[in-house]
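Below: the structure, in structure tokens.
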Amino acid sequence: MLNIYKGLPISYDTNIDSVDGSEIQVRSNKNQIACLYYQGESYLQGEQLPFMIRTQVVSLNLAKENVIFSNFEAAKNNIGARSQIRVEPNEPLVVSIQFDGFISEILAPLSDISAEGASVYFDTYMFPARLSQPGNEFTMKISLPDSVSHKIKKLTQKPNAENKKINMTPHGKLPEGQDGKIVLTARGRVVAVHPELHLQRYRVSVRLYFRDLSRMVILQYISQRQTEIIQDLRMLSDELYDLKK
């Protein structure tokens, strides 16, 4: 079973316990059940399945940690094909995009980010269709909480043999921060455009090329968000089980 919670994949290996008509029953665990309860669906993948299957939750048994699925269909997206962990920000983050050959910068809210890519949202009425064609290149500025850079500085300043090898030249300096944020600049190109017309917006997926310590900052941010998301999911799970007692 695979669910995506705030950009983080939550998966659980299981077996089919029983089959009843168009329904199957499988076992789960607390974290997965929390995803199933709040999202009402999951994705199934396995060696004997020709493709990823999307299915809906029919019922949950918290005491036995069982779930019944029905309404199976082939997944229409590449939810299980990501090679990099992506996380959603815990607070609204707006990025600045400067497309090559275009004078003005465009602001867009960040949907999620990984060490090698990101997604941003454009409202339907503001969607720059011509600029957002796959393959188009740009420069992106991303503002992250400055607490991330403080952790990186501590790592690079530890007096051990490994850190002495770090070249703290101008190319190795941390990006300058402002107003409690650290601003990263990266080159990138558009990979895909996903219309989400029911939400009156477009989601644009991009490939990003981080250099020097900017990549360390992104990796630290992703690691920090992973920890926060897992803690959040555990809290939701505990609340769910407390409600059902």
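The values are calculated or read from the model by the stated rules, or taken from the named source; none is laboratory data. Computed from a predicted model, the values in this text were never measured in an experiment. Here the Cβ positions follow ideal geometry from the backbone for every residue, glycine too, while neighbour counts run over all protein chains shown.
Considering only the range 118-140, state which residues are outside any loop (DSSP other than H, G, I, E, B), surrounded by 13 or more Cβ atoms within 10 Å (Cβ to Cβ) and either more than 20 Å from the chain's Cα centre (by Cα) or modelled with pLDDT under 95 (or both).
Within the range 118-140, Glu137, Phe138, Thr139 meet the criteria.
Being small (Gly, Ala, Ser), at pLDDT 90 or above and not in a strand (DSSP E or B) narrows it down to one of Ser237, Ser205, so name that one.
Of the residues listed, the single one that is small (Gly, Ala, Ser), at pLDDT 90 or above and not in a strand (DSSP E or B) is Ser237.
Given the conditions (1) farther than 20 Å from Ala108 by Cα; (2) modelled with pLDDT of 90 or more; (3) in contact with a strand residue (DSSP E or B) (Cβ under 7 Å, 6 or more places away or on another chain), report the number of the one that Val148 does not fulfil.
(2)
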